[in-house]
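Report on one structure; see the data block that follows.
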Amino acid sequence: MASQDWFEKDFYAVLGVPSDADDAEIKKAYRKLARKHHPDKNAGDPAAEQKFKDITEANSVLSDPKQREEYDAIRQMARGGARFTAGGPGGASGGAGFEDVFSSMFGGGQGGNVRFSTGGGGAQPDLEDILGGLFGQGGFQQSGGFQQPGGRGGFGGYGAPRGPMPGQDIHAKTTLSFRDAVTGATVTLSGLDGQRITTRIPAGVKDGQKIRLRGKGGEGDPGAPKGDLILTVAVEPHPVFGRDGDNLTVDLPVTFAEATLGATVSVPTLEGNPVKVKIAPGTPSGRVLRVKGRGVAAKDHTGDLLAKVAILVPQRLTEEAMAAVEILRDQEAGGDPRADLFREAAKD
């Protein structure tokens, strides 16, 4: 899915990683830059918006092993790995000509050359079509994270089409905050030919989920329907809340006294209104308390909020508190809290 403008773009420099960076380095660099330049954090800043588009495009190519291989090959051509010169009489003698390079790639033995006219009134070769044939693809990469796969005609089309061909599907990526992913959001994308596409992301979308927008893709033949826009959503992590299916999760700090004696404590919610939960006397660390209906709103139900108890150990104690703990220790001296642990560990 090569693009002609890949010759001019250095995606490694856009993400600030070396050309031999592994997948983890690329992912880390993209997330860092995406958070910094996200339109939600830079409203009204066209430079930040363009930067966000550039890093999204760079990541979409470098995070895909096949596209990255094609991109690296194209960069090698641009640096002189393959030379393209005008053919015909009087052409430069050094380096392979346009015809020679591609005839060796697509041609066979005698009489199998593929020729491209570079002078006179002949049609100029379409680099996207050429590279599509070179890499076994029929499509090309659009700017701004859009990708138009597949293709019609070219080397794979041996016969005439049987009717009007529908438009091709387009692939795009967008990044949402954790809150927007849970509650839903409206996003605006840059489509083909610079057109703006505004769409509503439904509530409850998950990280990596693909959403198909009917009729938002490429134009088809006259009388044929447009293709679809297939949008992949990346969700940023939240500092407090996590997600387990349609349930939201949160770690709930509880004091030793609250867990031992019992208490009623407040739990934060994603919408901002805290709720009260009851801590039963003797609640152990790790117990999960369920708050009904405070999770992710799905089509047919709403998930819950799961608060996991985390008992805090006091770092500083007064002499009286220390004495009280020592009394508790002495009263529990006859039991071994790790007895079950060792018994289970000894099993086959």
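The values are calculated or read from the model by the stated rules, or taken from the named source; none is laboratory data. Just so we're clear, the structure is a prediction, and the values are computed from it rather than from any experiment. Reconstructed Cβ throughout: ideal geometry from the backbone, glycine too, with neighbour counts over all protein chains shown.
Determine, yes or no, whether ASP54 is out of contact with any Asp or Glu (no Cβ under 7 Å at 6 or more places or on another chain), surrounded by fewer than 18 Cβ atoms within 10 Å (Cβ to Cβ) and not assigned by TED's automatic domain parsing to the domain that holds LEU189. It is false that ASP54 is out of contact with any Asp or Glu (no Cβ under 7 Å at 6 or more places or on another chain), surrounded by fewer than 18 Cβ atoms within 10 Å (Cβ to Cβ) and not assigned by TED's automatic domain parsing to the domain that holds LEU189. Scanning segment 49-93 for residues that are in a helix (DSSP H, G or I), hydrophobic (A, V, I, L, M, F, W, C) and modelled with pLDDT under 85 returns ALA73, ILE74, MET77, ALA78.
Quickly run through segment 181-197 and pick out the residues that are closer than 25 Å to GLU271 by Cα and part of a strand (DSSP E or B).
The initial filter retains those residues of segment 181-197 that are closer than 25 Å to GLU271 by Cα, namely 181-188.
The answer is ALA185, THR186, VAL187, THR188.
Could you say which residue among LEU248, LEU306, LEU252, LEU231 is among the hydrophobic types (A, V, I, L, M, F, W, C), assigned to a strand (DSSP E or B) and at pLDDT below 95?
Working: LEU248 fails: at pLDDT below 95; LEU306 fails: at pLDDT below 95; LEU252 fails: at pLDDT below 95.
Being among the hydrophobic types (A, V, I, L, M, F, W, C), assigned to a strand (DSSP E or B) and at pLDDT below 95 holds for just one of LEU248, LEU306, LEU252, LEU231, which is LEU231.
The residues of segment 254-297 that are surrounded by 12 or more Cβ atoms within 10 Å (Cβ to Cβ) and among the polar types (S, T, N, Q), listed by number, are THR255, THR260, THR269, THR283, SER285. Which residues, taken from segment 9-32, are assigned to a helix (DSSP H, G or I), in contact (Cβ under 8 Å) with a residue 12 or more places away in the chain and either outside the structural domain of ILE74 (by TED's automatic domain parsing) or more than 13 Å from the chain's Cα centre (by Cα) (or both)? Selection gives PHE11, TYR12, VAL14, LEU15.
Scanning segment 309-339 for residues that are free of Cβ contacts under 8 Å to residues at least 40 places away in the same chain, β-branched (Val, Ile, Thr) and outside any loop (DSSP other than H, G, I, E, B) gives VAL325, ILE327. Specify the residue that is nearest to PRO202 (Cα to Cα); the eligible residues are those in segment 272-285 that are outside any strand (DSSP E or B) and in contact (Cβ under 8 Å) with a residue 24 or more places away in the chain. Only one residue fits best here, namely SER285.
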